[in-house]
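This report concerns only the one structure given below.
The values are calculated or read from the model by the stated rules, or taken from the named source; none is laboratory data. Everything numeric here is computed off the predicted structure, so don't read it as measured data. Glycine gets a Cβ as well: all are built from the backbone with ideal geometry, and neighbour counts include every protein chain shown. Accessible surface is based on the protein model in full, side chains and every heavy atom, while ligands, DNA and RNA are left aside. Shrake-Rupley method; radii C 1.70, N 1.55, O 1.52, S 1.80 Å.
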Amino acid sequence: MAGIVFVLNGPNLNLLGTREPEIYGTDTLDDIAGRMEDRARQLDLTVDLRQSNHEGHLLDWMHEAQAVGAKAIILNAGALTHTSQALYDASQAIRVPVIEVHLSNPHARESFRHHSWVGRGAKGTIAGFGALSYMLALEAAALL
Ligand code: DQA
């Protein structure tokens, strides 16, 4: 196995599928996990997809990714993207590259979504492609 990729999801992303489907689509997080696992196998990677509504869990999991030598972290921090200096600090405290992901395009939405602490610390950002954003991030992770 060429590496493990952590796929970390923040607040409200457990509701994917029913949450504002006109913005976020109808795929659930389990649907996305299944597709990522299939593609990861082809890429000789494993994905470990997790979701929490609690900022501290995301921080602990970023530290864990470092401890286990993960190849990359794909991070959709939900609204914490726009508020969490702690997630930015965590990205700087570890050597594992962070790929910021969003289903929607935050820049095309309300102004409070235009700033991203996660993006400031990320290797790169993929946003606006719905569930495909996660798949594109996985392709990027494989090439890092
Ligand atoms: C999101 C965009 C954020 O602004 C929002 O708070 C979310 C989802 C996205 O994937 O499009 O919860 O991260």
Just want to confirm a number: the relative contact order over region 40-126, from Cα pairs under 8 angstrom separated by 6+ residues, in percent. 29 percent
Anyone know which of I126, I74, I32 comes out most mobile in the 10 Å Cα GNM of the chain? I32
For region 54-102, list log₁₀ I(q)/I(0) at each q in 0.21, 0.27 Å⁻¹, using the Debye formula over Cα point scatterers of equal strength and ignoring solvent, two decimals each. -0.65, -1.10
Heavy atoms only, probe 1.4 Å: what % of the accessible area of region 3-143 goes to carbon and sulfur, would you let me know? 50 percent
Per the helix-only calculation at 222 nm, which mean residue ellipticity applies to the chain, given -39500 (n - 2.57) for every DSSP H run of n ≥ 4 and division by its residues, nearest 500 deg cm²/dmol? -11500 deg cm²/dmol
Between the modelled labels at L132 and H54 (7 Å from Cα along Cα→Cβ) the distance in nm is 3.7 nm
Between A67, A86, A77, which gets the highest mean-square fluctuation from a Gaussian network model of the chain, Cα cutoff 10 Å? A67
Neighbour cut-off at most 10 other Cβ (10 Å), DSSP loop, trypsin sites (Lys or Arg not before Pro), region 46-131: R95
Let me check something: with ligands and nucleic acids excluded, how do Y134, Y88, Y24 order by accessible area (1.4 Å probe), largest to smallest? Y88, Y24, Y134
Using a probe radius of 1.4 Å on heavy atoms only, what accessible surface per residue do you get for the chain? Whole Å² is fine. 48 Å²
Extension gain, R109 back to R41 (0.36 nm per residue minus Cα-Cα distance, nm): 21.0 nm
Volume per residue that the Cα convex hull of the chain spans, once the total is divided by residue count, Å³: 88 Å³
Just subtract the alpha-carbon distance of I4 and D31 from 0.36 nm times their residue separation and send over the number in nm, one decimal. 7.8 nm
Calc'd 3J(HN,Hα), region 10-21, phi into Karplus 6.51 cos²θ - 1.76 cosθ + 1.60 (θ = phi - 60°), Hz, glycine/Pro = x, comes to x, x, 6, 6, 5, 8, 3, x, 10, 7, 5, x
